Every structure is written in structure tokens, then in C-alpha cells.
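Participant: If you scroll down you'll find the structure; I have some questions about it.
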Amino acid sequence: MTRTSQSVYDKQRGTVMGVLAKGTDLMEEILTECQKHGVSAGAVTCIGSLQKAVFAQPAIQNGKPAYSEPVEWNHLVEVLSATGFLSQTEKGELDLHMHALVVNEEGTISGGHFLKGENPVAVTIEFSVQAVQADVIRAYDEQEGFRLLTFKPQKGE
């Protein structure tokens, strides 16, 4: 029997809880599961394993904070802790900004800013999303040089 990604949404508590299937991408599949439930903003956590991990780490470029070139761990890793924020882009597309710590079979720990489409699930990823009813947008900030969260009041506030 082939396992598929699954999730449930407890609307009363505002919590999505689910699992991701082997071979799916960590970030893309969490976004897919949130879309199924109409959840567009919240805090994300997860644990599990990945076939490989691709992430960026802090760097300095031209005297300013930046991200490094992608760091690739092309082997099985355990996700010790991953946290992120679900929001929308300026174009209204669902977005996930996630950072994680991973460990390899030698016990070496690393991590950083995970890159969408680059982190395939090995056995499973177990995740939860604490949803919020708000318009949360991740938009490019010219001054800082990064995409940052902004909050728009909902109608009636």
C-alpha cells in the first residue's frame, strides 16, 4: 500500500495536523495540504526525514545580511526541528518561509533557510499548522533586501 499525504483541520482550534508522503517535497506538500483546508496564514512546525536537504545559511554581501549559495546535503537526514510561517505573496499565492535543523548519520547538525522544491521526504514528515484568520503577506522590503511579513487588517477591523 502506497502512503499518501494526509491532513485534518480542526477549525475550532485553528490547527491543521498531517503527514507527508515519501518522495513529496517538504514545503510544496505542506502548501498543498493547507490549500485543501483553505488555510492561508499561520505558524508551521514539523519533524521527520528527508532524502536530502537543501538550504541557505546566513552570509554577508556588500556589508549587508544575505543568504549563502544553496548548501546541499545529498544524503538521508533527520529533521530535528523545522519552523516556518505560512503567508501569501504579493500576487496572492500561498507561500511558506521555513528554517530547519537537520542531522546526518554521523551526528553532524546543520540547517538554515529551506529552499522550496529541493527537500524530498524520505519516510515521512509529520507537521502541524496553527492557523490565524488574518491577511499575512510576505513582500519584498527594499530597505532590508529580503521578503518580510506584513499584516493587513481584515475587513471590519
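Participant: Which value, to two decimals, describes the C-alpha radius of gyration of the range 1-94 once divided by 2.2 N^0.38 Å?
Facilitator: For the range 1-94, the normalised Cα radius of gyration is 1.26.
Participant: Over the chain, how many pairs of lysines fall under 18 Å by alpha carbon, counting only those 8 or more apart in sequence or from different chains?
Facilitator: For the chain, qualifying lysine pairs total 6.
Participant: Okay, next question. Leaving out ligands and nucleic acids, note down the accessible area per residue over the chain with a 1.4 angstrom probe, in whole Å². Can you show the working numbers first?
Facilitator: Working: 9280 Å² over 157 residues.
For the chain, the solvent-accessible area averages 59 Å² per residue.
Participant: Just the number, please: carbon plus sulfur as a percent of the accessible area of the chain, 1.4 Å probe, no ligands or DNA/RNA counted.
Facilitator: The value for the chain is 52 percent carbon and sulfur by accessible area.
Participant: Follow-up question, since we're still on this one. Of the peptides 19-25, 133-139, how do they stack up when ordered by the mean number of other Cβ atoms within 10 Å, highest first?
Facilitator: 19-25, 133-139
Participant: Let me ask something additional. At each listed q (0.16 Å⁻¹), what is the log10 of I(q)/I(0) that the Debye formula gives for the chain modelled as equal alpha-carbon point scatterers?
Facilitator: -0.92
Participant: Restricting things to alpha carbons, tell me how big the range 1-55 is in terms of Rg and Dmax, in Å.
Facilitator: Cα only, the range 1-55: 11.9, 36 Å (Rg, Dmax).
Participant: Order these peptides, 76-83, 11-18, by their mean beta-carbon neighbour count within 10 angstrom, highest first.
Facilitator: Ranked from most to least packed, the peptides come out as 76-83, 11-18.
Participant: For a test of the definition: using alpha carbon positions, the gyration tensor, and the 1.5 limit on a/c, classify the range 106-157 as rounded, prolate or oblate.
Facilitator: Oblate shape, in that a/c is at least 1.5 and b/c is the bigger or equal ratio.
Participant: Of V136, G38, N104, which is farthest on the positive side of the dipole of the chain, counting Cα position, with +1 on Lys and Arg Cβ, -1 on Asp and Glu Cβ, and the Cα centre as origin?
Facilitator: Of the options given, the answer is G38.
Participant: Follow-up. Would you work out if the range 76-140 is rounded, prolate or oblate? Take a ≥ b ≥ c from the square roots of the eigenvalues of the alpha-carbon gyration tensor; rounded if a/c is under 1.5, else prolate when a/b is larger than b/c, oblate otherwise.
Facilitator: prolate
Participant: Shifting gears a bit: For the range 106-118, what does the Karplus curve 6.51 cos²θ - 1.76 cosθ + 1.60, with θ = phi - 60°, yield as ³J(HN,Hα) per residue in whole Hz, taken in order and with x for Gly and Pro?
Facilitator: 8, x, 6, 10, 8, x, x, 7, 6, 9, 4, x, 10
Participant: Rounded to the nearest 500 deg cm²/dmol, what is the calculated helix-only ellipticity per residue at 222 nm for the chain, with -39500 (n - 2.57) per DSSP H run of length n ≥ 4?
Facilitator: The helix-only estimate for the chain comes to -2500 deg cm²/dmol at 222 nm.
The values are calculated or read from the model by the stated rules, or taken from the named source; none is laboratory data. Remember, predicted model here, so these are calculated numbers, not experimental data. Cβ atoms come from the backbone with ideal geometry, glycine included; neighbour counts cover every protein chain shown. These accessible areas exclude ligands, DNA and RNA; they are computed on the full protein's heavy atoms, side chains included. Shrake-Rupley method; radii C 1.70, N 1.55, O 1.52, S 1.80 Å.
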